[in-house]
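The values are calculated or read from the model by the stated rules, or taken from the named source; none is laboratory data. Computed from a predicted structure; not experimentally measured. Cβ: placed from backbone, ideal geometry, glycine included. Neighbour counts: every protein chain shown. These area figures cover heavy atoms from the full protein model, side chains too; ligands, DNA and RNA do not enter into them. Shrake-Rupley method; radii C 1.70, N 1.55, O 1.52, S 1.80 Å.
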Amino acid sequence: MKRNTFFLFLCMLCCCTFVSAQQEQQKSSLHQRADAVNPNEDIAKARSLYIHAFNDYANRNIVPLGVECAMKATALYYKENYYPEAFDLIKRAETVIDAWQGKSESEKAALRYLTTKERMQMYIKMRRADNANEQLRAMESLANQSVDEGVKNDLLYSKAIYYYTFGLNAQGNAVFKEMTTKLTAQKEYDKVDEVFQTLIANGRKSGSTNMVAQSYSSYIAWKDSVTALKYADEINGLKQQIADNEATIDEKDSALTTRQAIIVGLCVLAAALAAALVIGALILMRYILLTRKQKKNIKLLNDSNALKAKFISNISAQLEPTLKKIDSKIPEVKALLDFSNHIQTLSELENSIDTPPVEMEDTLIPPFCNQLADEIREKLKPNVTLTVNAPNSQVKINKEYVSWSSRSAALTHSNSLCLTLVRGFPKKIAKTFLNLSVK
């Protein structure tokens, strides 16, 4: 009876473990009510609710949860030795699995594995080794079809239970070693420990001292090895953490070095800019001072020229009226009049410095000078001869201003004419390109 209770518990545990991983929907109210019933208190009610939940899930094509409820009801059937009803419910569940629409063969194989395993558990309870072995081979085929690592691990566990139950300890040890090695490699230490505890408890309940001794001996050996593995994993984890921290430190150090280089470069650039600004400021201040000095000198010169021009104009204004009262035929008087005219002309030239520039145009010198000479010749005294000696050139002059100045000069002494013509031309080319003489 104790052995039957253990197998029933084991079957229910395995069904819950593998089917729950495949659940895609929430449990129905019937399913929840069935789980809420304690089978030890009211097994018939729990079984009935699981069967109703299975039928409900089957009608709605929610097969994984339906198979889970069917297997729980099956375990509750053969717990009370209702084997025909249990086998019939398994067949119904397999029919629902085969009719499951829209699912792959691997998913169906994973569910068929559960129904086949439940059938094997019943044969083990009935002590029918051949039938249980036949179901075990079917389970192996279904596990390979399911491509589910959890199902394959459960297959090893089921094989170990089968071998140990029927006294095949050597095969059981081999399978159990394979299982523990695989789970240990996956670092699922808690699962391996749970399997060992289950085997030891199973041996005690069945009264098999050999199974208890072998399981306990294997458990102690595995415990020692896994402790070393855990320490090694912890050490490797610490080493990896140290390596990661060092890499992080190196990365931050590199970033810090880069930032320091950037900061140094920016400081150098800022210093260079500051120096450039200082030098530029000094140059600007010097330029401003020179400009102010030049403006001051120009103002002084302009003021001096204005005073000089005013002085010259006053001299001319004082001399000319007095000299005109005297006979101009007297050589000395004539010389003074010429000097007064020269002074007046010089004053005009000085005053012309501050006048705005006149508009200039390109002019051929010979035609312009000949035309100007023709205009002036009529206004000259009979004993005056006017000759033009001008180079064949082109210069920029203001024709109207030069013509007006020349005609005005013809009314005065002949020497004044040359000065007036020079004033109308650009100063650098007047003496070179124009040679107007009066005899």
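Things to note:
- Near pairs, Cβ below 6 angstrom, 6+ apart or cross-chain, from region 31-50 (over 15 Å from Glu68 (Cβ atoms)) to any residue that is open to solvent by 50 Å² or more (accessible area, probe 1.4 Å): Val37/Lys45
- Taken together, Ile242, Ile312 contain a single residue that is open to solvent by less than 60 Å² (accessible area, probe 1.4 Å), among the β-branched types (Val, Ile, Thr) and in a helix (DSSP H, G or I), which is Ile312.
- Taken over region 253-272, the residue count meeting the criterion of being at pLDDT 90 or above and open to solvent by 100 Å² or more (accessible area, probe 1.4 Å) is 1.
- Among the residues of region 114-142, those identified as open to solvent by 60 Å² or more (accessible area, probe 1.4 Å) and closer than 13 Å to Leu155 by Cβ are Arg137, Glu140.
- Members of region 164-180 that are farther than 21 Å from Ile220 by Cα and in a helix (DSSP H, G or I): Thr165
- Scan of region 59-113 for residues that are under 56 Å from the mean Cα position of the chain (by Cα), surrounded by 16 or more Cβ atoms within 10 Å (Cβ to Cβ), over 19 Å from Ser28 (Cβ atoms) and in contact (Cβ under 8 Å) with a residue 24 or more places away in the chain, ordered by number: Glu107, Ala109, Ala110, Arg112, Tyr113
- Test for Ala160: is it in contact with a Gly (Cβ under 6 Å, 6 or more places away or on another chain) and either among the charged types (D, E, K, R) or more than 25 Å from Cys69 (Cβ to Cβ) (or both): yes
- Filter result (open to solvent by 20 Å² or more (accessible area, probe 1.4 Å), among the small types (Gly, Ala, Ser) and closer than 15 Å to Leu136 by Cβ) within region 156-184: Ala174
- Qualifying residue in region 230-244 (condition: among the acidic types (Asp, Glu) and at pLDDT 85 or above): yes
- Any hit, region 7-27, residues being exposed (fewer than 14 other Cβ atoms within 10 Å of the Cβ), modelled with pLDDT of 50 or more and over 18 Å from Tyr83 (Cβ atoms): yes
- Among the candidates Asp224, Asp250, residue that is acidic (Asp, Glu), at pLDDT 80 or above, open to solvent by 90 Å² or more (accessible area, probe 1.4 Å) and part of a helix (DSSP H, G or I): Asp250
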